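Just below is one structure, and these are the notes that go with it.
Every number in this text was worked out from the coordinates using simple rules, so none of it is lab data. For clarity, every value in this text was computed on a predicted model and none was experimentally measured. Neighbour counts are summed over all protein chains in view; Cβ atoms, including those assigned to glycine, are modelled from backbone coordinates with ideal geometry.
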Amino acid sequence: MTDVADIESHLGELMMVGLPGTELTSELAADLRRIQPSGVIFFAPNFPDAGTAARLTREVHARLGNADLPTLVGVDEEGGMVSQISGFWEVPPSARAVAASGGPPLVKDLAHRTARRLLALGVNLNFAPVLDIHSNSANPVIGIRSFGTTASQVTACGRAAVEGMQAAGIIPVVKHFPGHGDTSVDSHVDLPRVEVPIATLALRELRPFEAAIQAGVPVVMTAHVVVPALDPDPDRPATLSRPIVTGLLREKMGFAGVVVTAVTSRGSFGEVAVQAIEAGCDLLLYSKLTPGPDEALQALQEALRSGRLTPERISASIGRIRSLRSGSAARPREWNLALEREARNLIPEEELERVAEGALRVLRQGAGGVPLRPPIDVLEVNRPESRAPIADLIRAHGVTAREWGPDPATWPRRIEGSSLLTVAARGALSLEHEELARKWLQRFPETVTVASLNPHATDGWPEARTLLVTFDNTLASRRALAKRLSLSGVPARK
């Protein structure tokens, strides 16, 4: 395609869009026909149950794609706290938990089975795995979504995840290039900076991506982070950086596949879209159907007519996206109860508990010991409402457990058996929650503390003398924790 008018009619192919609700209404179908995106991304609110998810994805396949050029139907299914299907099926814990439990072989196996589940639902693209290295303990957004804290861990497990998904027929998307692990700001909130020299980037951040490219990964997602060592512009994120996307990723690292970026409203949607294409990105991802895609279409059209973007540049991106769709995007099988049962049973709940149990680690060993001695007095700080109290799960093992609230005036005067504190935080606890937790620890110094999401949540707390980490807070993780705390047997690994 080199004719401007012809290219203008296909600009929507540079996009994937999100849809509201659980129904493909006539109005939404009309919007999809008008925009003609290459795909759709779904989130948990779109998928209240497996049947609805399967119906909705199949309606999108019918409206947008065809046998020669299937539509891309994507989700963020990393496992653990980043899951769109955990509302109806139990899913594997975080990348860090799976890697800690079984290393690359388990990562590959669960990635393969998760991919088969997604295919059954009608999904053919997964925005996973995360190839960021959790090298900054203050990082509020990556954390346990990463396979580990070293380049070798993340490289081996990331490649295993890619191989597992591709073997099942799902398109994997590695993220967030050139690395989001060494930041202390959430890029959904502000613009983080990776302040490390090029030599460090080459030895650490870039290694997992290099291995994935060598393994044939078809899609790379860019990061909304500023990397001064790679681009001197202090305000230009990697997503909009030609030195990073074209100069580094395409030319130096040899990536010839599709580059996708999640377009934010930082600036106008239209200008950001044009800058992303100028940088070398191909596919623009919008979590909502409005207003981003329409503003982007108008801006891209104006940039094409003015000569700011050339027909050749747009054609190159459309060509890469079409090659991905025609060569790798699977169309779904017919949905029925047997397929639902098969997909659900691919990852049994009992197996998830074993995986979660294998991820348990003792990071500090003080006076408190495991298993706990009954009666167990429990304080949970920042427990999600969707999670059953750990005291209830402990009692399910026939062990007496008593849960206490946030008012220190009501706490017991002394502990007769064991004391347990759980803290759950993706990043740092709020000051209020930290004060509450540390008051409990100061009053009951033999407490066993469990950090369920961020293993660094209690860093700098001398009061946390015995510390266990689970690397997740899934249902299976909590059941496995309750079992380990309640029963004698093999202790958590150090």
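Using only the alpha carbons of the range 1-136, determine the length spanned along each of the three principal axes and report them from longest to shortest in whole angstroms.
Computed over the range 1-136, the largest-to-smallest principal extents equal 53, 36, 30 Å.
Summing -39500 (n - 2.57) over the DSSP H runs of n ≥ 4 in the chain and dividing by its residue number, what mean residue ellipticity at 222 nm do you reach, to the nearest 500 deg cm²/dmol?
Calculated mean residue ellipticity at 222 nm is -11500 deg cm²/dmol.
Is the shape of the range 357-494 rounded, prolate or oblate, going by the alpha carbon gyration tensor and its root eigenvalues a ≥ b ≥ c, with a/c under 1.5 for rounded and a/b larger than b/c for prolate?
It comes out rounded by the Cα gyration axes.
Under 16 Å from the 7 Å Cα→Cβ point of Thr290, by amide nitrogen: which residues of the range 27-41?
Under cut-off, by backbone N: 27-36.
Kindly state, to the nearest 0.05, the FRET efficiency for Glu23 paired with Arg322, given R0 = 35 Å and r defined as their beta-carbon distance.
The value I calculate is 0.75.
Among 26-33, 169-176, 369-376, how do they line up from the highest to the lowest mean number of other beta-carbon atoms within 10 Å?
169-176, 369-376, 26-33
Report Rg/Rh for the chain, rounded to two decimals, where Rg is the Cα radius of gyration and Rh the Kirkwood radius.
Reported Rg/Rh, Kirkwood definition of Rh: 1.00.
For the range 232-276 and the range 1-58, what is the separation of their C-alpha centers, rounded to whole Å?
If you average the Cα positions of each part, the centres end up 23 Å apart.
Would you mind giving the average projected area, over all directions, of the Cα convex hull of the range 396-451 in nm² with one decimal?
4.6 nm²
Considering amide H positions built from the backbone, and no H for Pro or chain starts, which residues 5 or more places from Ile41, or on another chain, come under 5 Å of its amide H?
Val17, Gly18, Leu19, Gly74
Lysines within cross-link reach of Lys108: Cα-Cα under 18 Å, excluding same-chain residues under 8 positions apart?
Answer for Lys108, where 18 Å is the Cα cut-off: Lys175, listed by chain and number.
Please quote Rg/Rh for the range 112-212 to two decimal places, taking the Kirkwood radius as Rh and restricting both calculations to Cα atoms.
1.01
Tell me, what does the Kirkwood hydrodynamic radius of the range 309-399 come to in angstroms if you use every pair of distinct C-alpha atoms?
So the Kirkwood estimate lands at 19.6 Å.
Per residue, how much space in cubic angstrom lies within the convex hull of the C-alpha atoms of the range 196-284?
So the per-residue hull volume is 83 Å³.
Starting from the amide H of Ala401, placed 1.01 Å from N in the peptide plane, find each other amide H under 5 Å away whose residue is 5 or more places distant or on another chain.
Those qualifying (amide H under 5 Å, at least 5 residues apart or on another chain) are Ile376.
Give me a comma-separated list of calculated 3J(HN,Hα) values for the range 34-51, in order, Karplus coefficients 6.51, -1.76, 1.60 applied at θ = phi - 60°, integers in Hz, x for any Gly or Pro.
6, 6, 6, x, 6, x, 9, 10, 10, 10, 3, x, 6, 10, x, 7, 5, x
How far apart, in nm, are the 7 Å Cα→Cβ label points at Arg414 and Thr400?
Modelled inter-label distance: 1.5 nm.
Residue by residue through the range 400-408, what is 3J(HN,Hα) from phi via Karplus (6.51 cos²θ - 1.76 cosθ + 1.60, θ = phi - 60°)? Round to whole Hz and write x for glycine and proline.
Taking θ as phi minus 60°, the curve returns 6, 9, 10, 9, 10, x, x, 8, x Hz for the range 400-408.
Per-residue HN-Hα couplings for the range 165-170, Karplus 6.51 cos²θ - 1.76 cosθ + 1.60 at θ = phi - 60°, whole Hz, x for Gly and Pro?
5, 5, 5, 8, x, 9
From the gyration tensor of the Cα coordinates in the range 136-265, what semi-axes in whole Å does the equivalent ellipsoid have, largest first, with each one equal to sqrt(5λ)?
With the √(5λ) rule applied to the range 136-265, the semi-axes are 22, 17, 14 Å.
Would you mind estimating how fast the range 249-392 diffuses translationally, via Stokes-Einstein at 37 °C and 0.692 mPa s with the Kirkwood radius over Cα pairs, in µm²/s?
155 µm²/s
Once amide H atoms are built 1.01 Å from N in the peptide plane, which residues 5 or more positions from Gln365, or in another chain, come under 5 Å H to H?
Those qualifying (amide H under 5 Å, at least 5 residues apart or on another chain) are Leu467.
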